[in-house]
Amino acid sequence: MPETGRAAIFTDTGKPFEIREYPVPDPAPDGMVVRVTSAGICGSDLHVWRGDIRIAMFGPGARILGHEMTGRVSRLGANVRTDSMGQPLKEGDRIVYPYFTPCRRCYQCLRGEFAACPVKYPPIPICDNAPHFFGAYAEYYYMKEAAFVFKTPDELGDEMVTPVNCALSQVIYGLRKAGLKMGDTLVIQGAGGLGVNATAVARSMGAGTIVVIDGVPERLKLAKECGADVLIDINEAATPQDRIAKVMGLTGGRGADIAGEFVGIPAAVPEGIAMVRQGGTFLEVGNISIGQTTAIDPSMLVWQNKTVVAVNMYDPAILPVALDFLMRNKDRFPLAQVVSHRYPLEKIDEAFQQAEWTGKKTAIARAVITP
Ligand SMILES: [Zn+2]
Ligand SMILES: [Zn+2]
């Protein structure tokens, strides 16, 4: 009897997850099999679960969802001896890795633009087909090619490391691409997993005044503890005009050097652009639901020399930067609090319902599955 592992299978919106068991695959010579120890429920997973991003995009058939995760090397491919920093790697080591794989065989990869590789995140295969373990919500994760994998320091617990391969690396990469400099005034739209991480990262990068906008008291409190200087509560500043006026008031009528959209609401885009000073930069990260549109006035970008930067995923070289950031700041910012609820694999439906409810009504950011 081959060893088996459990996985939570998503079949369609509105249907409960099913727990299935599959044989644990052998690793490919250049890859590995990971024993997943913690998997986060990210905003984009909720988009798929809810049906904003249809699972049908991938074609019919059941899939294992989830991309934000960490784990231990379970079975190492014969050709893999070290991590991507050249440190010896063995079975049992804790690791982080991107959930996407730049092909290193395309126009963008050749130029080192790994985040822009057009095939870095192919459709998730049907999980009934071997090697089965294509997503995070399972006991194992099959990494066909261990192109980018990094050993995790033991000083960092799973609750800190789980968001490293999604939210944390995403915001570091985004703020770098937006050109955040020491002393810059930054507006952060949304204090969910992305926004709270962005606040702490921007503080650490030397931002000047950091303004965070949200409507959930617990999230605003956490943003404050992660380094926000000014909080704008959307229950008090209820219209875009109110919030834009607040930012203008904080910046001598000029606007922020950078405004970043981390909430995933199309209407936040024109609002954020309006908060940016002439010559400043608007950073777009949150909106990922294709077809959800908004109206902007492009002449305002031209007349005011504004730059728009959009990022999806990141350069894998950001992962060790993210781990180092956590090592230096683990006692400074309460980022572990971003993980607010923990669920075993068989309670995944409850976890998604809680995450959905949490996102709308109260409390903090991430629910995690501990398979
Ligand atoms: Zn994510
Ligand atoms: Zn490529």
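Is it true that S289 is in the same structural domain as I210 (by TED's automatic domain parsing) and touching a residue at least 40 places away in the same chain (Cβ under 8 Å)?
Details: in the same structural domain as I210 (by TED's automatic domain parsing): yes; touching a residue at least 40 places away in the same chain (Cβ under 8 Å): yes.
For S289, the condition - in the same structural domain as I210 (by TED's automatic domain parsing) and touching a residue at least 40 places away in the same chain (Cβ under 8 Å) - is met.
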**Study point:** Output for the range 136-153, where each listed residue is more than 20 Å from D315 (Cβ to Cβ) and among the hydroxyl-bearing types (S, T, Y)
**Key:** Y137, Y140, Y141, Y142
Exercise for review: Out of the residues in the range 63-85 that are within 16 Å of ligand 1 (Cβ to nearest atom) and among the charged types (D, E, K, R), state the one that is nearest to V368 (Cα to Cα).
Suggested key: E68
Check your understanding: Which of the residues belonging to the range 101-137 are within 16 Å of ligand 1 (Cβ to nearest atom) and not in a loop (DSSP other than H, G, I, E, B)?
Key -> A115
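Which count do you get for residues in the range 73-100 that are of a type in the set (A, V, I, L, M) and outside any loop (DSSP other than H, G, I, E, B)? Outline the logic, then answer.
Initial filter on the range 73-100 (of a type in the set (A, V, I, L, M)): 73, 76, 78, 80, 85, 89, 95-96.
Pick out the ones that are also outside any loop (DSSP other than H, G, I, E, B) and you get 73, 76, 95-96.
The qualifying residues number 4.
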Exercise for review: Can you tell me which residue among P131, P122, P88, P102 is within 21 Å of the chain's Cα centre (by Cα) and either within 25 Å of I369 (Cα to Cα) or more than 16 Å from ligand 2 (Cβ to nearest atom) (or both)?
Suggested key: P122
Study note, to complete from the structure: Considering the range 55-72, residues that are assigned to a loop (DSSP other than H, G, I, E, B) and surrounded by fewer than 18 Cβ atoms within 10 Å (Cβ to Cβ), and then whichever is modelled with the lowest pLDDT, we arrive at G59
**Study point:** Selected residue (criterion: nearest to A256 (Cα to Cα)) from residues of the range 267-292 that are out of contact with any helix residue (DSSP H, G or I) (no Cβ under 9 Å at 6 or more places or on another chain) and at pLDDT below 95
**Key:** Q292
Review point. Are any residues in the range 105-116 farther than 21 Å from V164 by Cβ and more than 9 Å from ligand 2 (Cβ to nearest atom), and if so, which ones?
Key: R111, G112
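Could you pull out every one of the helices (runs of 4 or more DSSP H) wholly within the range 257-371 that has 2 or more residues that are surrounded by fewer than 21 Cβ atoms within 10 Å (Cβ to Cβ) and out of contact with any strand residue (DSSP E or B) (no Cβ under 7 Å at 6 or more places or on another chain)? Step through it out loud before you land on a result.
On the way: elements: 268-275, 298-303, 318-329, 348-360.
Fully inside the range 257-371 and qualifying: 298-303, 318-329, 348-360.
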Review point. With the range 1-54 as the region, which strands (runs of 3 or more DSSP E) entirely inside it contain at least 2 residues that are surrounded by 21 or more Cβ atoms within 10 Å (Cβ to Cβ) and β-branched (V, I, T)?
Key: 32-41
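Scan the range 139-150 and tell me whether some residue there is in a strand (DSSP E or B), within 16 Å of ligand 1 (Cβ to nearest atom) and under 23 Å from V339 (Cβ atoms).
Within the range 139-150, the first condition is being in a strand (DSSP E or B), and the residues that meet it are 140-143, 150.
Next cut, within 16 Å of ligand 1 (Cβ to nearest atom) only: 141.
With the extra rule that they be under 23 Å from V339 (Cβ atoms), the set shrinks to 141.
Yes - at least one qualifying residue is present in the range 139-150.
The values are calculated or read from the model by the stated rules, or taken from the named source; none is laboratory data. All of these numbers come straight from a predicted model, not from anything done at the bench. Ideal geometry is used to build each Cβ from the backbone, glycine not excepted, and the neighbour counts take in all protein chains shown.
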